[in-house]
Amino acid sequence: MFRSAALIAAATSAAAETITGTIFCDNQFEFYFNGQLIASDPVHFTPHQAVEVSFEWDGISDKVYAIHCQDYASSSGYEYIENNPALGDGSLIAEFSDGTITTSDWKHHVVTHGPTAESVANGCSSSNLPACVVADYGTPANWFAMDFDDSTWASTTTYTANEAGWGRSPTWTGTECCTMTSPADRSQLGCNVDSSGNMITVAESECLHPETVFTGSSASFIWGSDLNLDNKILFRHTVPSSGTPPLPPPETPSPTRRRRRRN
């Protein structure tokens, strides 16, 4: 007996799932699931806060997680270029309610790296920023799409919390996320403002203390091979589908009673 389209649709709907998760990226991220933009980190620099996310999975498709994580860096590769320039370090850690966590199984593509070793050899330093060069390897088109071929991407490098660090922790005042600082001169900018001092909207779920959230988590910090010089990285991870969800058994027609004929 053929299964009706209605039964298939019902099975698919029953298998659909709401997945939640938490992402911490030093400094800013964009998160895609199955090709759709789910969340953008509202804080561009500091504080270093974790962000809750929620999205729908149809219960049938592969799960393709894609995260663009960017450590702040000027065109020289340095931050705080107006007040004791320094090289920052990036990192990403994430976990989701379906059991997906960041590990060395994730793949990555380094978009920007610097300052390059060649520019350092030519005099680039914290006191000679004009000599510094940052290599840009480009952002592949549709890198977040489900059908994007990431077979040539390398596996990520994992780091401990001591190696990656939690950065400058956030404070939620009850209405605002604090305290934002300038990536140029280290000055305090206030609460719920971007790096230019413009007001932004930050929800409490976007201002979580990362060390508290990830205490006891099995997720690993991941990044490229160089915490300090890899500045902007694209990450992907695919969880293969287990197949079409089971369909409910076909309905069995109830027996038909014969009406007795009267003589």
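The values are calculated or read from the model by the stated rules, or taken from the named source; none is laboratory data. This structure is a prediction, so every number in the text was calculated from the model and none was measured. So basically every Cβ, Gly included, is an ideal-geometry build from the backbone, and we count neighbours across all protein chains shown. Keep in mind that these areas ignore ligands, DNA and RNA; they rest on the heavy atoms of the full protein, side chains included. Shrake-Rupley method; radii C 1.70, N 1.55, O 1.52, S 1.80 Å.
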- Task: Evaluate the range 132-139: report whether one residue or more is out of contact with any Pro (no Cβ under 7 Å at 6 or more places or on another chain), over 23 Å from GLU17 (Cα atoms) and in contact (Cβ under 8 Å) with a residue 40 or more places away in the chain.
- Result: yes
- Here is a list of conditions, (1) closer than 15 Å to ILE233 by Cα; (2) of a type in the set (S, T, N, Q); (3) touching a Pro at 6+ places or on another chain (Cβ under 7 Å), and SER126 meets all of them except one; can you say which number that is? (1)
- Item | Some residue of the range 156-172 being under 15 Å from ILE67 (Cα atoms), surrounded by 16 or more Cβ atoms within 10 Å (Cβ to Cβ) and not basic (Lys, Arg) | yes
- Task: Return the only residue of VAL120, VAL193 being surrounded by fewer than 18 Cβ atoms within 10 Å (Cβ to Cβ) and free of Cβ contacts under 8 Å to residues at least 40 places away in the same chain.
- Result: VAL120
- Task: Within the range 76-87, identify whether any single residue is open to solvent by less than 30 Å² (accessible area, probe 1.4 Å) and within 18 Å of ALA50 (Cβ to Cβ), and answer yes or no.
- Result: no
- Message: Of all residues being small (Gly, Ala, Ser) and either out of contact with any Ser or Thr (no Cβ under 9 Å at 6 or more places or on another chain) or open to solvent by less than 20 Å² (accessible area, probe 1.4 Å) (or both) in the range 40-75, which is nearest to CYS177 (Cα to Cα)? Just the residue, please.
- Response: ALA50
- Item | Lone qualifier among THR256, THR212 - being at pLDDT 95 or above, farther than 23 Å from ASP105 by Cβ, exposed (fewer than 11 other Cβ atoms within 10 Å of the Cβ) and not hydrophobic (A, V, I, L, M, F, W, C) | THR212
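Listed here are the residues, each with its yes/no results for (1) open to solvent by 40 Å² or more (accessible area, probe 1.4 Å); (2) modelled with pLDDT under 95; (3) over 13 Å from the mean Cα position of the chain (by Cα).
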| site | (1), (2), (3) |
| --- | --- |
| LEU92 | no, no, no |
| PHE96 | no, no, no |
| ILE101 | yes, no, no |
| SER104 | yes, no, yes |
